[in-house]
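The values are calculated or read from the model by the stated rules, or taken from the named source; none is laboratory data. Bear in mind that the values here come from a model prediction, so they are computed numbers and not experimental data. For the accessible areas, the whole protein counts, side chains as well, though only heavy atoms, and no ligand, DNA or RNA atoms are used. Shrake-Rupley method; radii C 1.70, N 1.55, O 1.52, S 1.80 Å.
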Amino acid sequence: MEGMSEMHHTMSHMHHGSSSGIVGQALGFAGRLSAELLIVLTSAPVLHVLAALVLLLALAALLRPFFASQS
């Protein structure tokens, strides 16, 4: 019976080690993906598009009262 308990403990330890390896790989993948996204989002063309969208939204917010008062 004692040998069975020892084998169960070893199998449990092996399973825990492999599951933590999967979690580590998933976290590593998520980290690399977020770093790549950050690089893309801070590139000049993307920043120009985002700045243009912000300016268009600001212009729309400024012109909204003017068009609302004409109706």
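Taking a probe of 1.4 Å, how large is the accessible area per residue of the stretch 32-71, in Å²? It amounts to 91 Å² per residue over the stretch 32-71. Of the whole protein surface, VAL40 contributes about 80 Å² of accessible area at a 1.4 Å probe radius. Our coupling estimate for the stretch 21-27, obtained by passing each phi through the Karplus curve with A = 6.51, B = -1.76, C = 1.60 and θ = phi - 60°, is x, 5, 5, x, 5, 5, 5 Hz, Gly and Pro reported as x.
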